[in-house]
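Visitor: Let me give you the structure first, and then I'll get to my questions.
No lab work stands behind these numbers, since they all come straight from the coordinates. For clarity, every value in this text was computed on a predicted model and none was experimentally measured. A quick note on method: Cβ atoms are made from the backbone with ideal geometry, for glycine too, and the neighbour counts reach across all protein chains shown.
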Amino acid sequence: MTNTNDIDNIYTDLIMEHSSNSPYMRNLDLPTCSLHGHNPNCGDDITLNLKIENNKIVDAAFVGHGCAISQSSTSIMIETLIGKTIDEAKEIVDIFINMIERKKLTPAQKKKLGNSVAFENISNMPARVKCALLSWRTLQNMLEEK
Amino acid sequence: MKTNLQIKEDFEILKNNNFAYLDTGATSQHPKSVLKAVHNYYTKYNANPYRGSYSLSVNATELYNNARHKVAQLINAKYDEEIIFTKNATESLNLIAYSYCLNNLTKNDEIVVSIMEHHSTIVPMQMVSKKTGAKLKYIYLNNDFQLDPNEIKQKITKNTKIVAISSASNVLGTLNDVQSIISYAHKMGAKVIVDISQSIAHIPFDVTKTDADFVVFSSHKMFGPMGVGVLYGKKEILECMPPFLMGGDMIEYVYEQDTTYAPLPNKFEAGTQNAGGVIGLGAAIDYINEIGYSNIIKIEKELTKYALAQLKKLKFVTLYCTSDAEKHSSVISFNINGVHPHDVASILDKHNVYIRSGNHCAQPLLRYLGIDSTCRVSLSIYNTKEDIDKLILALKKVYEIFKKYIKV
């Protein structure tokens, strides 16, 4: 059984708002890179579009469908990363993945995650970890090529 | 006749825990008698069947083949050697694909499957289609989630060499009219594979009466252990098929460059088998016989009727099942409109209600229906009305959490 608190900490207003009414769920004009992410078992499916100028993420958006966790995680990730340099983004992606893998974070690291820290308790719901990680893994693959 | 409440007492995992287990379609729970039979085997009789000439191995062989006899009786096979033990229904289907289909189909032939088949049928048949050039065709549904009888007659033709059909859909719960499909396919000269994985724990199947050519199922969906599957094939067909896996105990003589094979069933049982699991399956069959199919059907019909009635009261739920109760098993797929099934399942988990969510290894069916995934409840003889009440209450909680965010 999943702990009641974990559920309450996951299906929060912040996460539900981002999953149902994301400002980043839209088409992006002339993205500089685009990548598709998919969880075959659950059907979560996202396409991440980024506009990178002078080594900086100046805009980002996504389209796709899936559960509240995959959709909100994607939306909040974009919110966290717009305006960041590639190196900063790579660091934040690593911190997020470490958090999901239950590694101890410093307060400074947590601060860098911004609203994405809302997914901290997903590590206690192993069945949903892949939902929360989908967009982050997709972005990680994208940035590795940069 | 045992009631479902009495039956539940036989399942320690259910008796000792306070959850509603509604995922028998994925795997069933095990009665004490099955666990005891496996324990008994390993504590009193364990030796490698067929290998030793000492009494322990001889006894193990006898127990192993007794279980084969029980399987043969359960599905009314004429000969025990028509029953081949595999590791699951998937392996049984692969055995048919590799050994029968690859050797009997060519590029002008056709394979017909239904759109409600599990990936375990579709993927091996795609392999056969790609390797032989035979065309893979699908029987689609009518608007009441049943196989369309016109489709059956249209798709199965004189060119059809193999038809693969499940007796019950693992997503929709539709019970297919296997008998008429077999009769029609035989008229067209095709062989028929019937996947009874989703029905054997719920309704009887008679291979002789239906005249099915191949039948597959898994032990773990019928109260037996995981790791054991069954392939039934007509003796005259199995005898003409080459072995699927090569190795120990499937041979007669082995020379440096050549081998002759053992007769049925050993020809298809290479290597040491899961004897403990097979003996557990034998005990599971005893359990099914003890409860009796007529009682199983009675209990499950009542539960399904109750579950459907309760679900229909929830205005925020969409059901994906036929309106004909006579053609519906105890599997119910549904969605809470606007809420992803994974979110539903996670919140139900919090309320100790265990359901399946996702595409149920049937992506072509869901794509055909135009949905990504569903929530699925699958009921068995150990479920109770209380389990269903818990489900309904938990679904209302899910809706409470999501309602202000659901986009209409």
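Visitor: In whole Hz, with x marking every Gly and Pro, tabulate ³J(HN,Hα) for region B:36-45 from phi via Karplus 6.51 cos²θ - 1.76 cosθ + 1.60, θ = phi - 60°.
Guide: Taking θ as phi minus 60°, the curve returns 5, 5, 5, 4, 4, 4, 6, 8, 10, 10 Hz for region B:36-45.
Visitor: Given the protein assembly as shown reduced to its alpha-carbon atoms as identical point scatterers, what log10 I(q)/I(0) does the Debye formula return at q = 0.05, 0.13 Å⁻¹?
Guide: -0.25, -1.26
Visitor: Explain nothing, just the number: dipole magnitude of the protein assembly as shown about its Cα centre with +1 on each Lys and Arg Cβ and -1 on each Asp and Glu Cβ, in debye rounded to the nearest 20. Working shown, then result.
Guide: Numbers: 60 positive and 58 negative charges, 160 e Å.
The calculated dipole for the protein assembly as shown is roughly 760 debye.
Visitor: Compute the signed sum of charges (Lys and Arg +1, Asp and Glu -1) over the other residues within less than 15 Å, Cβ to Cβ, of B:Lys234. Write out the running numbers ahead of the final one.
Guide: Details: positive: B:Lys78, B:Lys191, B:Lys209, B:Lys235, B:Lys267; negative: B:Asp80, B:Glu81, B:Glu82, B:Asp206, B:Asp211, B:Asp213, B:Glu236, B:Glu239.
With Lys, Arg at +1 and Asp, Glu at -1, the net is -3.
Visitor: Could you give the radius of gyration (one decimal) and Dmax (whole number) of the Cα atoms in chain B, in Å?
Guide: Expressed in Å, the Cα Rg and Dmax of chain B come to 22.0, 74.
Visitor: Ok, one more. Quick one: putting +1 on the C-beta of Lys and Arg, -1 on the C-beta of Asp and Glu, what dipole do you get for region B:34-289 around its Cα centre, in Debye to the nearest 20? Numbers along the way, then the final one.
Guide: Values: 23 positive and 24 negative charges, 67 e Å.
Charge dipole of region B:34-289: 320 debye, to the nearest 20.
Visitor: Can you tell which of B:Val71, B:Val339, B:Val128 shows the greatest fluctuation in a Gaussian network model of chain B with Cα springs below 10 Å?
Guide: Result for chain B, Cα springs under 10 Å: B:Val339 fluctuates most.
Visitor: So which lysines can A:Lys51 reach, going by Cα to Cα under 20 Å and dropping same-chain residues fewer than 8 places off?
Guide: Straight-line reach from A:Lys51, under 20 Å: A:Lys84, A:Lys90, A:Lys146.
Visitor: Summing +1 for each Lys or Arg and -1 for each Asp or Glu, what net charge is found among the other residues whose Cβ lies under 13 Å from the Cβ of B:Glu9?
Guide: On the way: positive: B:Lys2, B:Lys8, B:Lys15, B:Lys32; negative: B:Asp10, B:Glu12.
Surrounding charge for B:Glu9 is +2.
Visitor: What is the set of long-range amide H partners of B:Gly25 at a cut-off below 5 Å, with H atoms built 1.01 Å from backbone N?
Guide: B:Ser378
Visitor: To make sure I understand, if each residue's beta carbon is the centre and we count other beta carbons within 10 Å, what order do A:Arg128, B:Arg367 fall in, fewest to most?
Guide: Details: A:Arg128 27, B:Arg367 13.
Fewest-to-most Cβ neighbours within 10 Å comes out as B:Arg367, A:Arg128.
Visitor: Right, another one. Near B:Lys135, which lysines are there with a Cα under 20 Å away, not counting those fewer than 8 places off in the same chain?
Guide: B:Lys107, B:Lys153, B:Lys155, B:Lys158, B:Lys161, B:Lys187, B:Lys191
Visitor: Using +1 at the Cβ of each Lys and Arg and -1 at the Cβ of each Asp and Glu in the protein assembly as shown, identify which of B:Val339, A:Ser70, A:Asn98 lies farthest towards the dipole's positive end.
Guide: Positive-most Cα among the choices belongs to B:Val339.
Visitor: Now a separate question. Could you please rank B:Glu302, B:Glu236, A:Glu79, B:Glu256, placing first whichever residue has the fewest other Cβ atoms within 10 Å of its Cβ?
Guide: On the way: B:Glu302 13, B:Glu236 9, A:Glu79 17, B:Glu256 5.
Final ranking by Cβ density, sparse to dense: B:Glu256, B:Glu236, B:Glu302, A:Glu79.
Visitor: Right, next: Between the alpha-carbon centers of region B:233-291 and region B:373-408, tell me the distance in whole angstrom.
Guide: 43 Å
Visitor: Could you please rank B:Ser33, B:Ser199, A:Ser116, A:Ser135, placing first whichever residue has the fewest other Cβ atoms within 10 Å of its Cβ?
Guide: Numbers: B:Ser33 15, B:Ser199 25, A:Ser116 22, A:Ser135 28.
Ordered from fewest to most neighbouring Cβ atoms within 10 Å, B:Ser33, B:Ser199, A:Ser116, A:Ser135 come out as B:Ser33, A:Ser116, B:Ser199, A:Ser135.
Visitor: Identify which of A:Gly83, A:Gly43, A:Gly64 has the largest mean-square fluctuation in a Gaussian network model of chain A, with springs joining Cα atoms closer than 10 Å.
Guide: Evaluated over chain A, the most mobile residue of the options is A:Gly43.
Visitor: Let me ask something else about it. Hey, what number do you get for chain B at 222 nm if only DSSP H runs of n ≥ 4 count, each worth -39500 (n - 2.57), divided across all residues, to the nearest 500?
Guide: Numbers: 15 runs with 158 residues, N = 408.
The per-residue figure over chain B is -11500 deg cm²/dmol.
Visitor: Right, something else. Which of the lysines could a cross-linker bridge to B:Lys44, judged by Cα under 20 Å and excluding same-chain residues fewer than eight apart?
Guide: The reachable lysines, counting only those whose Cα sits under 20 Å from B:Lys44, are B:Lys32, B:Lys36.
Visitor: Using 10 Å bins from zero, what percent of all Cα-Cα pairs in chain A falls into each bin?
Guide: That works out to 12, 45, 35, 7, 0, in percent per bin.
Visitor: May I ask for log10 I(q)/I(0) of region B:1-120 at q = 0.16 Å⁻¹, from a Debye sum over the Cα atoms as equal point scatterers with solvent left out?
Guide: One equal scatterer on each Cα of region B:1-120 leads to -1.11.
Visitor: Name the long-range amide H neighbours of B:Val163: under 5 Å, sequence gap of 5 or more, or other chain; modelled H, no Pro or chain starts.
Guide: HN-HN under 5 Å from B:Val163: B:Val112, B:Lys191, B:Val192, B:Ile193.
Visitor: Separate question: Rank B:Ile156, B:Ile332, B:Ile371 by mean-square fluctuation in a GNM of chain B with C-alpha springs under 10 angstrom and give only the top-ranked residue.
Guide: Among B:Ile156, B:Ile332, B:Ile371, the largest GNM mean-square fluctuation belongs to B:Ile371.
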